Each structure stands twice: as structure tokens, then as C-alpha cells.
Amino acid sequence: MTRRRVALIALLALAAPVAVFLSLNRAGPRGYRVLGLERQVHVQTVPAALARSRPAPDWGDRFGDGTPDFARLTDPADQAAFRRWFTLIAEYQAERPPAETPAEITDCASLLRYSYREALKRHDESWFETTGMEVAAPPGEIRAWSYPHSPLGTALFRVKPGVFTAEDLADGAFAQFADAKTLVERNAYFVSRDVRAALPGDLLFYRQFGQSSPWHSMIVTRGGITAEVVYDTGPDHGAPGEIRRVLLSELLDHPQPQWRPTPGNPNFLGVYRWNILRGTP
């Protein structure tokens, strides 16, 4: 074999993985193919430098919680951006007139789903026009990925038990809808029964035995001395509920003991954190 042919073969061997990488990171409609599966995902345009540095999706599940590692936010800046957007969006729903609240928000779980999904989107001019939100100082953007531009597409929430495998992208393991029970069991992990361990963006979960809808959730939007939570009361005997924003100190002194977030309350399940933040402070 001539030296020229050897050099040509080496050049082609180097070019092949580069071509595959670039095909996985081009903007526009494209399919992810994993273990024989293909899923169409629309990917928005990203800066060339960012596209070149972005690794291929990580199909592992290092915590065995059903959440793919490619969905986890491992960059501290991304984690902070997600927490800030998530809490800002939830707080805004509590402040706007009820008539302007998104129609999909009808209970505590739908408030979580809406705030989570919108926090993971790109917050451009179109997003502000669509949501009607006003933010004085918008947080930075999440750089790892944005909804729905990932292998998960629009099916954002884990709804089936088990460790993540590539087949889950096509077998209904993820969906756009998840109730409060599914959110706590499949999409978040336990942190503590001490509410002082909660960070902005964390969740409080309850199980009120004897109720037709026993699972309830709240969003911790602020920490420290002036810690606050936001939650939707849900419908009551056919009447629509309301979104409330209250101090954590008020909740700790709630007139109904079953709603107090204390270790001694058997109805309080504890503080939970989204799986995409798992393994981070």
C-alpha cells in the first residue's frame, strides 16, 4: 500500500466521526437514531462555536431514576438559570389577574408542569409576547438544551417506572402530562423533611389522606428569612381554585396542621428537587 493511500485512509477515518457529530448538531428538523430508534426533533439555530463544542447526547442514567443524563443540567450557570426562571414564572402566575392565567393551570400539578416547561424554553421576544410575562431583569438562558429541542421532544415528564433506556423515547415512558403523584415519584427526588433545606425552585409535596385528589405540591420561590411558596389550591366543589403566594412562616403556622411543612406532620412528604438538578447543590 502506498504512503498516499495510507494517508487518505487515515484522513477519512478522522473525518467520519466529525461528520456524524456535525449531523447531530445542525439546526433544523433532524432525527436522533439510537439503537435502531429514530425520533424527529426540531432544533433551533445555535451559535457555530456552541454547536462545535456541544457533545453528543449522553444516553446514560447515572442515578437510575429514569431521567436521561442528557437532560440533566450539570453547569452551575444552567442550574441557576433554571431555578430563577422556574420561580419567576410561578410567582408571576400568582400576581396576574385570574382571567389572564394560562387556561392549562387548573391545579397544583399543572402549575408545576407549566412553570417547568416554560423555564426550559428560549425566552425570546416571541416567548414574552405569547406568555404575556414581564420580567424586569431576565435571568441568563440555559445553554445545555431548551424545550422542545432535545431527544425528549415535547414529552417532557417521566410517567413510567424504571431506569432510562433509549427505547423509552418511543415506548410512552415520557409524556406531556403528569399528575402530582407522578411528578414526585418519577421526576423529582427526596431532599429532606426539614423545610430549611429547601432552595428556590425546590418543591414541597403533601399527601392528604381521605381526599379524592390526595397529592398536592407547592413551589419554593424564595429562601432565607423571607422564604415564600407559590401553589394552586385546585378546584373546590366545582369552583376554580386560586394561585396563592405566601410566606413559609405563614405556612408553618397554618390553622390546619395537615398543611404545615414540619417533620411531625405525617401528611407532609418533604422537600423534593427536580431530577434534572440531581447531583448538584
field: Subset tally (residues that are among the small types (G, A, S), surrounded by fewer than 22 Cβ atoms within 10 Å (Cβ to Cβ) and outside any loop (DSSP other than H, G, I, E, B)) for region 165-200
entry: 4
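Take S192 and tell me if it is out of contact with any strand residue (DSSP E or B) (no Cβ under 9 Å at 6 or more places or on another chain) and either among the hydroxyl-bearing types (S, T, Y) or under 28 Å from R62 (Cα atoms) (or both).
no
Before we move on, is E129 buried (at least 21 other Cβ atoms within 10 Å of the Cβ), without any contact (Cβ under 8 Å) to a residue 60 or more places away in the chain and outside any loop (DSSP other than H, G, I, E, B)?
Taking the combined requirement at face value, the residue does not satisfy it.
Condition check ((1) in a loop (DSSP other than H, G, I, E, B); (2) more than 18 Å from V195 (Cβ to Cβ); (3) within 23 Å of the chain's Cα centre (by Cα)) across all residues:
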residue	(1), (2), (3)
Q211	yes, yes, no
Y231	no, no, yes
L251	no, no, no
H254	yes, no, no
N265	yes, no, no
G270	no, no, yes
R273	no, no, yes
G279	yes, yes, yes
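Quick grid of which residues meet (1) at pLDDT 55 or above; (2) in a strand (DSSP E or B); (3) loosely packed, with under 15 Cβ neighbours inside 10 Å:
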residue: A15; (1), (2), (3): no, no, yes
residue: R39; (1), (2), (3): no, yes, no
residue: P55; (1), (2), (3): yes, no, yes
residue: T74; (1), (2), (3): yes, no, yes
residue: R83; (1), (2), (3): yes, no, no
residue: I89; (1), (2), (3): yes, no, no
residue: Y116; (1), (2), (3): yes, no, no
query: Restricting attention to region 96-112, does a residue exist that is modelled with pLDDT under 95 and assigned to a strand (DSSP E or B)?
result: no
task: Output the number of the condition that Q93 fails; it satisfies all remaining conditions of (1) in contact with a strand residue (DSSP E or B) (Cβ under 9 Å, 6 or more places away or on another chain); (2) at pLDDT 95 or above; (3) closer than 20 Å to A170 by Cβ; (4) not hydrophobic (A, V, I, L, M, F, W, C).
output: (3)
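The values are calculated or read from the model by the stated rules, or taken from the named source; none is laboratory data. Because the structure is a prediction, the values reported are computed rather than measured. A quick note on method: Cβ atoms are made from the backbone with ideal geometry, for glycine too, and the neighbour counts reach across all protein chains shown.
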